[in-house]
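K.L.:
Submitted below is the structure of interest, expressed as structure tokens.
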Amino acid sequence: MRWWLPVQASSFAPEIDGLFTAILIITGLAFFLVEGSMIWFLIKYRARPGRKATYTHGNVKVEYVWTAFPAVVVIALGLTSNHYWKQIKGRDSVPPNSYPIKVHAKQFEWLFTYPGPDGKLGTDDDITEVRNKLHVPVNRPIVLEEESEDVIHSVFVPAFRLKQDAVPGMHIRAWFIATRPGEYDLGCAELCGMGHYKMHAKVTVQSQAEFDAWLAKAAQGDIE
Amino acid sequence: MTSVAATHDVGHAAHAPTGIWRKYIFSTDHKIVGIQFLFLSLLFLLLGGLLAMQMRWQLGFPNTPMPGGGILPESMAPGGVILPEYYIQLVTMHGTFMVFFALMPLLVGVFANFLIPLKIGAHDMAFPRINMASFWVAFLAGLIMLASLFAPEGAARAGWTMYVPLSARPDLSGADLGQKLWCVSIVVVGLSSILGSLNYITTIINNRAPGMTWFRLPLSIWSLFIVAILGLLALPVLSGAAIMLLFDQTIGTHFFDPAVGGQALLWQHLFWFFGHPEVYILILPAMGMVSDIIANGSRKPIFGYHSMVFAIIAIAFLGWIVWGHHMFMSGMNPTLGSSFMISTMVIAVPSAIKTFNWMGTMWQGNLRFHVPMMCAIAFVAMFVIGGLSGLFMAATPVDMQIHDTYFIVAHIHYVLFGGSLFGLFGAITYWFPKMFGRMMNERWGKIHFWLTFVFYNLTFFPMHILGMAGHMRRIYDPTQYDFLKPYQPLNQFISVCAFLLFASQAIFALNFIISLFRGRKAELNPWQDNGLEWTLPSPAPHGNWERLPTVYRGPYEYSSPQVEEDYLPQSRKLPTDREPAVLAGAVP
Amino acid sequence: MRKLGMVGALAGGLFALGFAGRGEHAAQAGATITGTIKFTGTAPVMAKIDMSDEPVCKGKYTAPPTKEDVVVNPNGTLANVFVYVKSGLPATYKAAAAAAPVLLDQNACRYHPHVFGILVGQTMSIKNSDGIAHNIKAKGVKNRPFNISQPMAMTSPRTFTTPEVMVPLECNVHGWMKGWVGVLPHPFFAVSGADGSFKISGLPPGTYTIEAWHEKYGTQTATVTVAGTETKTAAFTFAAH
């Protein structure tokens, strides 16, 4: 059982993990400082006969310090987060020439449509409605064109750190670059009904050649 | 102009109601209304816990017959094995019961009602009959919500957040009447909240005793005041959304279903515009009461009282502009995501200020570890964890990994259970003598505290690990996913600890019930507290004071050099005190 | 020699009577309507079903399974046509209570049977022989819709309260799984099988409107008058389009 974040299989996984670790260090320090001090206070200032508490209503200077310091930290965190957020989810973040794959979410399956040899979706040579299998070539920008047939679902690939809700009535794009060949899990991350737990797809990251071979067979209806 | 208090003046005690019906059932006495809310919400707390136990059974021991599952209908749990459609009802109703019928009434219905007139020095609320109505309306809402469990296809099952279109379409959710009853119940409970808020705001503004200036109010009252304003403004938004949802399901409107021209995200905006202030409604009263208790337990004034007040106001104000942080992955414009992220980061600051001030209060204090103090300290310790975990989800890229996973579940439960519920255990123990005239048992209180503290952390801390791994929420059977199979032992561990946690609450329940009848009789001021309520007999009589008190100082004058004792009540007059200017309409 | 022949004929006759008695329903006196559903034109090619993500089901097939919207038999007839008495029964007619439940089995990720009939109030036993998660959504209009899940091998009973032709059934976890059930207040229905034939027996004398329903090709009706224990035929032809 892994005690940390999953293996990093996408280009932005290391960035997200880096941010996670930075926050963990900051909050960890805060945690030990605060909880540690509290435990120390509980021991040092416990009531004993003959003791009296110090009569004070506070200290304005200290208030300024412990207001300013967290403010600076969270603003820095915010600016850093926003930098990556714009890169990953921003309106212009989808890399040009991304390979498009349509994700049709429905209760309770994922139906993927791959572009055919023309590389475009929505044309006659598309390989339509491959069930619960997302194959992608490694090291190539992929854009998922998400749509939903019925209720809100959410595409979630933990190994990619990728999550994007699929909303009926909306056409939403989510891009990624898979960097590590292998098999990963895709789950639905938005409660979509009684079969929500069964919306499981397998993501296979493979070399361009293997991907092309798989796609050619899939075009024949021969899906493995 | 005269304050409303003028109509409930001297001799009020002479008009005390007689007979069981007027005295205990249809009472306008704020203390009785508070106690009624107490019994109602403790019942729902128990029911909500029972629902959670069933969820944890399924997660810990998937697809196996649950002990006692035989009493469930075959359509929900054949042979005692929980079905997926039942599981998501459990998930939904656990959240609904806990938020709307346990925590909110416990924090606000109980303590706003019980404490406000007592701590500001008034005979009762400004509108006693509206107060009585607010309880019975909540009671009705509770009945409707319970009834929804027995609808033909069962209860609502789209999560307590009730996202559309799943919740708007019975053909997609499988829930029909149960879903409609949920909407009706929410509208009714919203009404109860609004009625309550009207009373709390008016009473605090108008009915303070002479000398009780704004900055002499205890922090419990400040937080209840601010929360009342939050509630007044937020609950109507939820009620409106629930009515729109009900209309979509019944009279053919198309607010939410994109298939007929509606907008799925509209619900989320409306719900979370209510939902975020709601979570501050769920924490601020606990923070306020914890402040009172920590000052008392430390025998020291609250460190930075004014900062604490401004922090409460800042949290409440900022709470209106952070709602989109629940929607980062929703398909909402990512630029909005950026702005909500900034405001969410900023709201961490006033919470940090409060934490440091609690620590400042304990620093160089003379700490008494009575049960309420232990609970209050645990509140601070657990709230720190819950608050810090919030920073991870506020960082939008990190939220891509942890949104809708058990990391969020851990966060929620650290602030609501580790925070609010521990605060409530402390508050109930603290004000029990003033409510019932007896003390809860101290030794059993400490045993309950330690068992709860240990099992609570063992149950919820590991959920952070599950969330990091990507364990989604509301999943009936995690073993369907290869990447989650290795975590099944951890799920089982959490479930077992959850069962032990639930079992430990029997100690609190028994302590509470037995103390009602056999607890040690309480004196006037068992905690040696400065608040006005502790100058009254335990339990406090109808009408509270024959002659309203006069206030000479703030609520946290512990270890004052002016007196021998380490506490100095607000209404005790010292030779050096001057009479305050009489408030317009204040009554002797 | 002749005696042996007569005994043989008698035995054969008795034997045949026994067969006639079995038919689709409990042995009853009454008339019979039979027929064959013909199919003209080129049979549409049914798409292959991708069961690769459901190995439990895929493993039960030797050849790749295909969709079953249109099943044309080798002899040029159409299977899965639901044939039933639409009108013509006397007003006083009341069906006997159904003896046994009708089995709807989810096996190899398909509904067995794909098309079937059931009496109002008769128990439909929904069985999950696959042992993997299925849900059964019945999209009735006159009957209250239901949507239940079966996460493991189990059987769930359901009944229908109102006549309705036809109630669609579907599994949402396996989008290709579709079935149809005709709910009727009488037992006079049949489904054409691998030879395209149907047989409705035990009919009281009268003039009946018989309807043949196919999920893709719609409905056709025929009028047949029967009396006593006679057998009449009704012919239906569906054309490819």
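K.L.:
Need the failing condition index for A:F31 against (1) more than 7 Å from chain B (Cβ to nearest Cβ); (2) part of a helix (DSSP H, G or I), just the number.
P.N.:
Going through (1) more than 7 Å from chain B (Cβ to nearest Cβ); (2) part of a helix (DSSP H, G or I) one by one, A:F31 breaks only (1).
K.L.:
Which of the residues that make up segment A:198-224 are out of contact with any strand residue (DSSP E or B) (no Cβ under 8 Å at 6 or more places or on another chain) and within 30 Å of B:A168 (Cα to Cα)?
P.N.:
Residue satisfying the conditions is A:K198 alone.
K.L.:
Can you tell me which residue within segment B:88-103, out of those that are hydrophobic (A, V, I, L, M, F, W, C) and within 14 Å of another protein chain (Cβ to nearest Cβ), is surrounded by the most Cβ atoms within 10 Å (Cβ to Cβ)?
P.N.:
B:I88
K.L.:
Can you tell me which condition B:I251 does not meet? The list is (1) more than 14 Å from chain A (Cβ to nearest Cβ); (2) touching a residue at least 40 places away in the same chain (Cβ under 8 Å), and all the others hold.
P.N.:
(2)
K.L.:
Which members of segment A:182-224 meet the condition of being surrounded by fewer than 16 Cβ atoms within 10 Å (Cβ to Cβ) and part of a loop (DSSP other than H, G, I, E, B)?
P.N.:
A:S207, A:Q220, A:G221, A:D222, A:E224 - these are the residues of segment A:182-224 that are surrounded by fewer than 16 Cβ atoms within 10 Å (Cβ to Cβ) and part of a loop (DSSP other than H, G, I, E, B).
K.L.:
For B:P526, state whether it is in contact with a Pro (Cβ under 6 Å, 6 or more places away or on another chain), within 30 Å of B:I32 (Cα to Cα) and away from chain A (no Cβ under 14 Å).
P.N.:
Answer is yes for this residue.
K.L.:
Could you tell me whether any residue of segment B:104-115 is within 14 Å of chain A (Cβ to nearest Cβ) and either hydrophobic (A, V, I, L, M, F, W, C) or in contact with a Gly (Cβ under 9 Å, 6 or more places away or on another chain) (or both)?
P.N.:
no
K.L.:
Still on this structure, I have one more. Condition test on A:V62, is it more than 7 Å from chain B (Cβ to nearest Cβ), within 18 Å of B:I353 (Cβ to Cβ) and in contact with a helix residue (DSSP H, G or I) (Cβ under 9 Å, 6 or more places away or on another chain)?
P.N.:
Answer is yes for this residue.
K.L.:
Okay, next question. In segment B:358-383, what count of residues is obtained for those that are of a type in the set (A, V, I, L, M, F, W, C), within 16 Å of B:K446 (Cβ to Cβ) and in a loop (DSSP other than H, G, I, E, B)?
P.N.:
1
K.L.:
Taking segment A:195-223 as the search range and keeping residues that are at the interface with another protein chain (Cβ under 7 Å from one of its Cβ atoms) and without any contact (Cβ under 8 Å) to a residue 60 or more places away in the chain, which one is farthest from the chain's Cα centre (by Cα)?
P.N.:
Here the residue is A:G221.
K.L.:
Here is a further query. Given B:A295, B:A286, B:A316, B:A311, which one is at pLDDT 95 or above, crowded, with 23+ Cβ neighbours inside 10 Å and more than 11 Å from chain A (Cβ to nearest Cβ)?
P.N.:
Sole residue among the options that is at pLDDT 95 or above, crowded, with 23+ Cβ neighbours inside 10 Å and more than 11 Å from chain A (Cβ to nearest Cβ): B:A286.
K.L.:
Take the residues in segment B:170-196 that are surrounded by fewer than 24 Cβ atoms within 10 Å (Cβ to Cβ) and either at positive phi or not hydrophobic (A, V, I, L, M, F, W, C) (or both), then tell me which one is nearest to the other protein chains (Cβ to nearest Cβ).
P.N.:
In this case the residue turns out to be B:D171.
K.L.:
Now for a separate question. What are the residues in segment A:77-98 that are more than 7 Å from chain B (Cβ to nearest Cβ), small (G, A, S) and in contact with a helix residue (DSSP H, G or I) (Cβ under 9 Å, 6 or more places away or on another chain), if any?
P.N.:
A:S93
K.L.:
Can you name the residue in segment C:115-136 that is buried (at least 19 other Cβ atoms within 10 Å of the Cβ) and assigned to a loop (DSSP other than H, G, I, E, B) and is also farthest from the other protein chains (Cβ to nearest Cβ) among such residues?
P.N.:
Step by step, filter segment C:115-136, then rank; the result is C:Q122.
K.L.:
Name the strands (runs of 3 or more DSSP E) wholly inside segment C:137-241 in which the number of residues that are out of contact with any Phe, Trp or Tyr (no Cβ under 8 Å at 6 or more places or on another chain) and of a type in the set (D, E, K, R) is 3 or more.
P.N.:
So the answer is none; nothing clears 3.
K.L.:
Just to check your reading of the model, which residue among B:L181, B:L198 is in a helix (DSSP H, G or I), without any contact (Cβ under 8 Å) to a residue 40 or more places away in the chain and touching a helix residue (DSSP H, G or I) at 6+ places or on another chain (Cβ under 9 Å)?
P.N.:
That would be B:L181, the only listed residue that is in a helix (DSSP H, G or I), without any contact (Cβ under 8 Å) to a residue 40 or more places away in the chain and touching a helix residue (DSSP H, G or I) at 6+ places or on another chain (Cβ under 9 Å).
K.L.:
When you go through (1) within 14 Å of another protein chain (Cβ to nearest Cβ); (2) out of contact with any Cys (no Cβ under 6 Å at 6 or more places or on another chain); (3) crowded, with 18+ Cβ neighbours inside 10 Å one by one for C:F198, which number turns out not to apply?
P.N.:
All conditions are met except number (1).
K.L.:
Moving on. Any idea which residue in segment A:148-177 is nearest to the other protein chains (Cβ to nearest Cβ), counting only those that are more than 13 Å from the chain's Cα centre (by Cα) and small (G, A, S)?
P.N.:
So, considering only residues that are more than 13 Å from the chain's Cα centre (by Cα) and small (G, A, S), the one nearest to the other protein chains (Cβ to nearest Cβ) is A:G169.
K.L.:
Have a look at B:L166, B:L140, B:L172 and point out the one that is in contact with a helix residue (DSSP H, G or I) (Cβ under 9 Å, 6 or more places away or on another chain) and either polar (S, T, N, Q) or part of a helix (DSSP H, G or I) (or both).
P.N.:
Only one candidate passes the filter, namely B:L140.
K.L.:
Exactly one condition in (1) closer than 30 Å to B:Y86 by Cα; (2) at the interface with chain B (Cβ under 10 Å from one of its Cβ atoms) is false for A:E183; which is it?
P.N.:
(1)
K.L.:
Could I ask something else about it? Check segment B:487-501 and report whether any residue there is surrounded by fewer than 13 Cβ atoms within 10 Å (Cβ to Cβ) and either farther than 30 Å from A:G193 by Cα or touching a helix residue (DSSP H, G or I) at 6+ places or on another chain (Cβ under 8 Å) (or both).
P.N.:
Checked against the condition, which is being surrounded by fewer than 13 Cβ atoms within 10 Å (Cβ to Cβ) and either farther than 30 Å from A:G193 by Cα or touching a helix residue (DSSP H, G or I) at 6+ places or on another chain (Cβ under 8 Å) (or both), segment B:487-501 yields no hits at all.
K.L.:
Condition first: farther than 18 Å from A:D185 by Cβ and in contact with a strand residue (DSSP E or B) (Cβ under 7 Å, 6 or more places away or on another chain). Now tell me which residues in segment A:144-160 satisfy that.
P.N.:
A:E145, A:E147, A:S148, A:E149, A:D150, A:I152
K.L.:
Ok, one more. For B:F225, all conditions in the list (1) touching a Pro at 6+ places or on another chain (Cβ under 9 Å); (2) under 19 Å from B:P105 (Cα atoms) hold save one; what is the number of the exception?
P.N.:
Result: B:F225 passes all but (1).
K.L.:
Regarding segment A:85-108, can at least one residue be identified that is hydroxyl-bearing (S, T, Y) and more than 28 Å from A:D212 (Cα to Cα)?
P.N.:
No, that holds for no residue.
K.L.:
Pairs only if they're at least six apart or on different chains, beta carbon under 6 angstrom, first in segment B:514-528 and more than 8 Å from B:R438 (Cβ to Cβ), second hydroxyl-bearing (S, T, Y); list them, first residue then second.
P.N.:
Close Cβ pairs satisfying both conditions: B:Q528/B:Y567.
The values are calculated or read from the model by the stated rules, or taken from the named source; none is laboratory data. Source: prediction; values computed, not measured. Every residue, glycine among them, receives a Cβ derived from its backbone with ideal geometry; neighbour counts consider all protein chains shown.
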